[in-house]
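Written out below as structure tokens is the structure these notes cover.
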Amino acid sequence: MSDYASAADHARRVGASIARLERRAGEAPDDRALQINLAAKRKLLRRARQELEGIAESHGVELCDYRLIPRQEARLLLPNISSSLLQYQYVFSQVYDSLLNGPKRNARIADKPWKESCLEIGFTYSGSFGTVLMAPSKRDFFEGSFDRTVEAVDQLLNISDDHDVRDVAKTLGEAVIKRLHDWSFANVKGNFDADVRWRRSDGRQFGRLVKFDDMARMVTLISATSDEDRQPVEASGVLIGADLQSRSFHFVVPNGDTYRGSLGERFPTGAVLKLPGSYRASITRIVTINYASGRETERFELEQLSTE
């Protein structure tokens, strides 16, 4: 067992002892000996955490203190806790994959980045639900393998408007935005605040308390934000149908694609069309990306027709 794993195991066992003592203290709140024992165990856990932090710095292990705080009378249900943790893992790994291999539109994580970025459970502790996650990395004279990932994940929490959403989509990929939406939604569903704080092995610290209301706004913001990708298409074929009043068209390329859609703004309103007729068509393919769902929809606009 590695040094950091041994230190985490020690903290885990101390944390388990505290949980048992807290249950007993709840049943016997006036037991002074029990309270003294509990205080001693909590002090021991603080020392164990300090030991783990020191070993983590020397061994290049990044630590994440991940705490879920239920609001009001919300219960700590296992499906909600596990969903929050899993969605955070997806955010972390998707950002790591993006920085390693470039931005992605689809929320798929390559096998190698996934295996490298999977977080380990260090130990859990009482007080709402808290766990220390570990990310063993490699550090040279300049940076560790997860330095940029930790910083980028932290910066995601600063998104405040649709311009920020689109900027992140361009730099890190639409998949990262979807993962952020899904993590925020998991915590909103669980009725949690999330206190997420990173302690990197170079000593720098990142993170903050993310309130329920902030995550609810994030879900709404990303759900309402989409983007369009416009691509020109030149095709020769037959205009099967067109309606200048409803501004719709149907164009077919023999032994090829079929296009249905609307007439573009530049298409002349008084055009005289032969139906069916052979034309050279200038068409715009418009792909709309919904960031929250990751789904793409396409539509076509006919911009211009010319005879062959």
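The values are calculated or read from the model by the stated rules, or taken from the named source; none is laboratory data. What you see is a predicted model, and the numbers here were worked out from it, not measured in a lab. Quick reminder, even Gly has a Cβ in these numbers, built from the backbone with ideal geometry, and neighbours come from all protein chains shown.
Mind checking which residues of region 272-295 are in contact with a Gly (Cβ under 7 Å, 6 or more places away or on another chain) and exposed (fewer than 14 other Cβ atoms within 10 Å of the Cβ)?
Answer for region 272-295, where residues must be in contact with a Gly (Cβ under 7 Å, 6 or more places away or on another chain) and exposed (fewer than 14 other Cβ atoms within 10 Å of the Cβ): just L275.
Taking into account only those residues within region 1-52 that are hydroxyl-bearing (S, T, Y) and in contact with a helix residue (DSSP H, G or I) (Cβ under 6 Å, 6 or more places away or on another chain), which is modelled with the lowest pLDDT?
Going through region 1-52, the residues hydroxyl-bearing (S, T, Y) turn out to be 2, 4, 6, 17.
Subsequent filtering for residues that are in contact with a helix residue (DSSP H, G or I) (Cβ under 6 Å, 6 or more places away or on another chain) retains 4, 17.
On the way: Y4: 65, S17: 71.
Across region 1-52, the extreme among qualifying residues is Y4.
Any chance region 107-130 includes a residue that's polar (S, T, N, Q), touching an Asp or Glu at 6+ places or on another chain (Cβ under 9 Å), modelled with pLDDT of 90 or more and under 22 Å from D214 (Cα atoms)?
The answer is no, given that none of the residues of region 107-130 is polar (S, T, N, Q), touching an Asp or Glu at 6+ places or on another chain (Cβ under 9 Å), modelled with pLDDT of 90 or more and under 22 Å from D214 (Cα atoms).
The rows are residues; the columns are (1) touching a residue at least 24 places away in the same chain (Cβ under 8 Å); (2) surrounded by 14 or more Cβ atoms within 10 Å (Cβ to Cβ); (3) of a type outside the set (A, V, I, L, M, F, W, C).
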| site | (1), (2), (3) |
| --- | --- |
| P70 | yes, yes, yes |
| V91 | yes, yes, no |
| I109 | no, yes, no |
| F123 | yes, yes, no |
| D161 | yes, no, yes |
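Can F206 be described as aromatic (F, W, Y), touching a helix residue (DSSP H, G or I) at 6+ places or on another chain (Cβ under 8 Å) and within 15 Å of S82 (Cα to Cα)?
Against the criterion (aromatic (F, W, Y), touching a helix residue (DSSP H, G or I) at 6+ places or on another chain (Cβ under 8 Å) and within 15 Å of S82 (Cα to Cα)), F206 does not qualify.
Would you say Y279 is over 30 Å from S226 (Cα atoms), of a type in the set (S, T, Y) and in contact (Cβ under 8 Å) with a residue 24 or more places away in the chain?
So Y279 passes the test.
Are any residues in region 292-308 over 38 Å from the mean Cα position of the chain (by Cα) and not charged (D, E, K, R), and if so, which ones? Reasoning before the result, please.
We begin by selecting, within region 292-308, every residue over 38 Å from the mean Cα position of the chain (by Cα); these are 304-308.
Passing the criteria: Q304, L305, S306, T307.
Can you name every one of the strands (runs of 3 or more DSSP E) wholly within region 234-308 that holds 2 or more residues which are modelled with pLDDT under 95, over 30 Å from S184 (Cβ atoms) and among the polar types (S, T, N, Q)?
Because the criterion is at least 2 residues that are modelled with pLDDT under 95, over 30 Å from S184 (Cβ atoms) and among the polar types (S, T, N, Q), the strands (runs of 3 or more DSSP E) in region 234-308 that meet it are 296-306.
Give me the helices (runs of 4 or more DSSP H) completely within region 131-229, filtered to those with at least 1 residues that are more than 17 Å from Q94 (Cα to Cα) and of a type outside the set (D, E, K, R), ordered by residue number.
162-171, 174-190, 212-223
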